[in-house]
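Down below is the structure, laid out as structure tokens.
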Amino acid sequence: MKNNNYNLNKIVGGVLAGLPSNQKEVLERRYGLNNKAEVTLAEVGEDFGVTRERIRQIEALALKGIKKNLAGNDVQQFGRLVTDRLKSVGGLMRDDDLVNKLQPVLVDAGSSDAVSRQARFVLEVTGAAKYSPAERNFYAHWYLNESDRRKARMYLDRLAVNLENNNRPPQDPTGLNYVAISKKFKFNAYGDFGLNSDSEVNPRGARDWAYLVLKKENRPLHFVKLSNKIGQLRKGVATHFQTVHNELIKDDRFVLVGRGTYGLREFGLLPGTAKEVLGHFLKKHGPLKSQEVIKLVTAERTFKENTLLFNLRDKKYFARLDDGRYTVREA
């Protein structure tokens, strides 16, 4: 180690040095230190031709020997580095976030997964931090003590309740760090923060995505264009325009406002084609000059003026009075 840089390969090698070959191999396989995934007790036992309990005993004996004879400034300094990082953000940190924070001070580092496994091994044998594997509501994370974990969980419980009145994410590093370990919270594709159970924060299908995009666009969109926008946001998932169209038809939150064009009913959009919307206002207000009815229509919808004028000339639906005003032709 030089200039506050750490070589985890050398640190791990130094920690394992001096162990009997069988103990060394058990730890390498159990912690995935040989650039492979961790292996269960049963799998190691099967390869060794012994029981899983015997492998557990060998592992425990190896760890006891390491902890008893642990030495070396690089090992201890690496442990202190992690401890200081955790203390600065509330005493705990998500595993992949910690790995990312460590990358700038590591030399000859392997993949993120390899670094995570090596760091876990070193931190466990030094006792610098404790590892919590992923579970239903939390991502895998590191913590200094149970008190820090209790504080984080209490904070997250309060945050979940307060989101009903304020959906702003935490602004302080500790709060953001707490949120990162929880699976209950999420930032959506637009950067909005909220509960993972909220369909606007975590849209789960084409219908939810269509609603979110239309709400953010604040204007009607043709279903093909809407599908394209969803595809740009929904990385790695194929978005089929016909699927989106089917969802728009089935859900009454969406309203058809033109040929293949949909908006949100909650925005008070007036449904219908150009012809139908013209008819709506002429029935509501009585005969009107072309510019008068066009002004009313364009205040509600985004039709082009030429489109409206063309539809007004349809003598099957509209009649032009002698004074130039238009009215709906009686059936």
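Among the conditions (1) free of Cβ contacts under 8 Å to residues at least 40 places away in the same chain; (2) within 30 Å of His245 (Cα to Cα), Arg207 misses just one, which is (1). Which one is nearest to the chain's Cα centre (by Cα) among residues in the range 253-278 that are assigned to a strand (DSSP E or B) and small (Gly, Ala, Ser)? Of everything passing the filter in the range 253-278, Gly263 is nearest to the chain's Cα centre (by Cα).
Restricting to the range 63-84, and then to whatever is surrounded by 13 or more Cβ atoms within 10 Å (Cβ to Cβ) and over 40 Å from the mean Cα position of the chain (by Cα), can you tell me which residue is farthest from Val26 (Cα to Cα)? Going through the qualifying residues, I end up with Gly72. Of all the residues in the range 299-316, those that are surrounded by fewer than 17 Cβ atoms within 10 Å (Cβ to Cβ) and in contact (Cβ under 8 Å) with a residue 40 or more places away in the chain number 1.
Going by the structure shown, is Arg150 buried (at least 17 other Cβ atoms within 10 Å of the Cβ) and among the basic types (Lys, Arg)? Spelling it out, it is not the case that Arg150 is buried (at least 17 other Cβ atoms within 10 Å of the Cβ) and among the basic types (Lys, Arg). Within the range 275-306, the set of residues being at pLDDT below 90 and of a type in the set (Gly, Ala, Ser) comprises just one member, Ala299.
Where the second residue is among the aromatic types (Phe, Trp, Tyr) and the first is within 13 Å of Glu25 (Cβ to Cβ) and lies in the range 40-57, which pairs have Cβ atoms under 7 Å and are six or more apart or on separate chains? Listed by first residue and then by second, the contacts come to Ile55/Phe48.
When the range 209-227 is examined, which residues are found to be polar (S, T, N, Q) and surrounded by 15 or more Cβ atoms within 10 Å (Cβ to Cβ)? Hit for the range 209-227 is Ser227, nothing else.
Can you tell me how many residues within the range 97-133 are under 24 Å from the mean Cα position of the chain (by Cα), aliphatic (A, V, I, L, M) and farther than 16 Å from Asn177 by Cα? Residues in the range 97-133 being under 24 Å from the mean Cα position of the chain (by Cα), aliphatic (A, V, I, L, M) and farther than 16 Å from Asn177 by Cα: 2 in total.
Among residues that are out of contact with any Leu (no Cβ under 8 Å at 6 or more places or on another chain), more than 21 Å from Val328 (Cβ to Cβ), of a type in the set (Lys, Arg) and touching a residue at least 12 places away in the same chain (Cβ under 8 Å), Arg265 is included.
For residues in the range 136-191 being in a loop (DSSP other than H, G, I, E, B), touching a Lys or Arg at 6+ places or on another chain (Cβ under 9 Å) and of a type outside the set (Ser, Thr, Tyr), which is farthest from Leu98 (Cα to Cα)? Can you show your working first?
To start, the set of residues in the range 136-191 that are in a loop (DSSP other than H, G, I, E, B) comprises 136-137, 139-140, 144-145, 163-172, 183-184, 188-191.
Remaining after also requiring touching a Lys or Arg at 6+ places or on another chain (Cβ under 9 Å): 136-137, 139-140, 144-145, 183, 189-190.
Right, trim to of a type outside the set (Ser, Thr, Tyr) and you get 136-137, 140, 144-145, 183, 189.
Values: Arg136: 20, Asn137: 19, Ala140: 11, Leu144: 13, Asn145: 16, Lys183: 17, Ala189: 24 Å.
Selected residue: Ala189.
Counting residues in the range 279-296 that are under 27 Å from Tyr211 (Cα atoms) and under 48 Å from the mean Cα position of the chain (by Cα) gives one or more. Checking the stated criteria, Gly79 turns out not to satisfy the condition of being closer than 22 Å to Ala17 by Cβ, in the same structural domain as Tyr6 (by TED's automatic domain parsing) and not in a helix (DSSP H, G or I). Within the range 230-248, the set of residues being under 19 Å from Val201 (Cα atoms) and either in a loop (DSSP other than H, G, I, E, B) or among the polar types (S, T, N, Q) (or both) comprises Gln232, Arg234, Lys235, Gly236, Val237, Thr239.
Return the only residue of Ile230, Ile181 being surrounded by 14 or more Cβ atoms within 10 Å (Cβ to Cβ), in contact (Cβ under 8 Å) with a residue 12 or more places away in the chain, over 12 Å from the mean Cα position of the chain (by Cα) and outside the structural domain of Asp252 (by TED's automatic domain parsing). Give the steps one after another, and end with the answer.
On the way: Ile230 fails: outside the structural domain of Asp252 (by TED's automatic domain parsing).
Of Ile230, Ile181, the one residue that is surrounded by 14 or more Cβ atoms within 10 Å (Cβ to Cβ), in contact (Cβ under 8 Å) with a residue 12 or more places away in the chain, over 12 Å from the mean Cα position of the chain (by Cα) and outside the structural domain of Asp252 (by TED's automatic domain parsing) is Ile181.
The values are calculated or read from the model by the stated rules, or taken from the named source; none is laboratory data. On a predicted model such as this, the values are computed, not experimentally measured, just so you know. So basically every Cβ, Gly included, is an ideal-geometry build from the backbone, and we count neighbours across all protein chains shown.
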